[in-house]
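Have a look at the structure below before the remarks.
Each value in this text was obtained by applying a stated rule to the coordinates, not by laboratory testing. Note that the structure is predicted; figures quoted are calculated from it, not measured. Cβ: placed from backbone, ideal geometry, glycine included. Neighbour counts: every protein chain shown.
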Ligand code: FAD
């Protein structure tokens, strides 16, 4: 039989559910990726780190598939036209793909499946992006969870119940956690994606379907490489190897943006250049086998579970993708409007609010496409609860700029910070941006990295320069309003305004 495997956000050859299934069936297997015009044409900039990340990751995937007798067919067009057309050209009986849970992707896949079936071909999709999906983790009453802690407990229980070794797409394949030599040996033995000996074989792409240059797709190179953001499976492996040595310190280190605490794997999880099963397995092993790493590994596993929590929120409540507050009563909140709101929002986007930690975070996002988790919470809270600007504007800004932008996690994170979401921060709890700065960047090391004009300020004053005595500012060579903005709002005033704004919800906190 002949099968086409359609790659989307699963740009790897190892531990890949759809590819493993196709090869396991003994088929002749083609692999394809479509640069989807429905997505690319809507991007706000022609210099987009994500498109470059995908492009370079595909080059590596293509090389790996070629080394195993296959290769990647790459198309540039509308996926819902290209895939059925390609399936017909190749004469395949079925198209296999890994499931994507975003509403637009669900609709696209339904259209592709329908077109294929109308043409006498089959469509099969697989769970791959998550350990547990959709309705796999439910309350005892069979309803979706809306609070994280019991969701996590049920997730862990379900994992313990599952016979991992027997799972179809189980936590097998060369694990990122395995020592490099063992990994290489195992990788050399198995065809890409094969978890058991593969009966099928990869078919080479027909001529004329090679990966085009980034420029011919209408995109430019960005600073992805100069920022040292590694792409592809090998890039994910490199980040993982480095993180696995410090996972034990994750719990303490993860909150300090100046410290290399987190894994930086989010963009790889986003585009599937790493298998979440492999990562979850590694974290579990570290929790059980290594007392020194146990707490850090458990905390990190929790973050992977948050990721799945938000995927299931999106699956059960797709309206959150359409701008709705998870808790509908929060749509009664009246946000700032007009020119005043536009000015505040522009200052936030530009990293010019006058609050150094907020501004440094926004500059980190602009320069690199990454923002530290603590800072995502601080900046999101600042937009909604200090500036009174509709959180959906911030959500859209993050969506346009984050390398790891993922609708489920981004929406979940914003609704958490704005208190409108599932298991969110209570609305009357408001981060103080100066206290956060003193606590999580005590020496201003992160701030100084992005705001060199503040670098000469003493640690004590770097978190709130407007409170520094004139002599200190003068000695630091800093003129407020010229070299660095004065604060656009006063936190104490803003806090009261926010409590009044959210007051429409009294009793619903
Ligand atoms: P690590 O600390 O190493 O965590 C490991 C992985 O767990 C991450 O790569 C990510 O896949 C997952 N994860 C960690 N924290 C969360 C979380 N709170 N929610 C969901 N998954 C999590 N994450 C995204 O992947 N894409 C987004 O678009 C996104 N937008 C966010 C917006 C806001 C307002 C907030 C508060 C958080 C957002 N997050 C998002 C979650 C989190 O900030 C990032 O996943 C994390 O900073 C990525 O860095 P890392 O890979 O070094 O994380």
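If you rank 363, 279 by fewest surrounding Cβ atoms within 10 Å, what's the result?
Ordered from fewest to most neighbouring Cβ atoms within 10 Å, 363, 279 come out as 363, 279.
Under 8 Å for C-alpha pairs, at least 6 residues apart: give me the relative contact order for the chain, rounded to a whole percent.
Reported relative contact order: 16 percent.
Between the helical axis of 391-401 and the dominant principal axis of the chain, each derived from Cα atoms, what acute angle in degrees is found, rounded to the nearest 10?
For 391-401 against the chain, the angle is about 50 degrees.
Quick check: from the Cα gyration tensor, does the range 328-505 come out rounded (a/c under 1.5), prolate or oblate?
Prolate shape, in that a/c is at least 1.5 and a/b is the bigger ratio.
In Å and from the alpha-carbon atoms only, list the Rg and Dmax of the range 1-128.
Cα radius of gyration and Dmax of the range 1-128 are 14.1, 43 Å respectively.
May I ask what percent, to the nearest 5, of DSSP beta bridges between residues of the range 13-132 are antiparallel?
0
Return a whole-number percent for the relative contact order of the range 1-120, with Cα pairs under 8 Å and 6 or more residues apart as the contact set.
Reported relative contact order: 37 percent.
Under the classification rounded if a/c is under 1.5, otherwise prolate if a/b is larger than b/c and oblate if not, where does the range 1-46 fall, given a ≥ b ≥ c as square roots of the Cα gyration tensor eigenvalues?
Since a/c reaches 1.5 and a/b is larger than b/c, the shape of the range 1-46 is classed as prolate.
Return the whole-Å distance between the Cα centroid of the range 205-256 and the Cα centroid of the range 266-317.
18
Find, to one decimal place in angstroms, the Kirkwood hydrodynamic radius of the range 222-273, where the mean of 1/r is taken over every pair of different Cα atoms and then inverted.
For the range 222-273, inverting the mean 1/r across all distinct Cα pairs yields 11.7 Å.
On a full-extension model of 0.36 nm per residue, what is the gain between residue 117 and residue 76, subtracting their alpha-carbon distance, rounded to one decimal in nm?
Once the chain is fully extended between residue 117 and residue 76, it gains 12.5 nm.
What is the Å³ per residue value for the convex hull set by the Cα atoms of the chain?
159
Which values, in whole Å and largest first, are the semi-axes of the equivalent ellipsoid of the range 418-509 obtained as the square root of 5 times each eigenvalue of the Cα gyration tensor?
Each semi-axis is the square root of five times an eigenvalue, giving 32, 15, 10 Å.
Mind sorting 89, 482 by how few other Cβ atoms lie within 10 Å of their own Cβ, fewest first?
482, 89
For the chain, what does -39500 (n - 2.57) per DSSP helix run (n ≥ 4), summed and divided by total residues, give at 222 nm, in deg cm²/dmol to the nearest 500?
-14000 deg cm²/dmol
How far, in nm, would the chain grow between residue 471 and residue 85 when pulled straight, counting 0.36 nm per residue and subtracting the alpha carbon separation?
The span from residue 471 to residue 85 would gain 131.8 nm if fully extended.
What are the extents of the Cα atoms of the range 316-398 along their three principal axes, in Å, largest first?
If we take the Cα atoms of the range 316-398, the spans are 34, 30, 16 Å.
For the range 64-126, report the translational diffusion coefficient in µm²/s to the nearest whole number, using Stokes-Einstein at 25 °C, 0.890 mPa s, and a Kirkwood Rh over Cα pairs.
This corresponds to a translational diffusion coefficient of 195 µm²/s.
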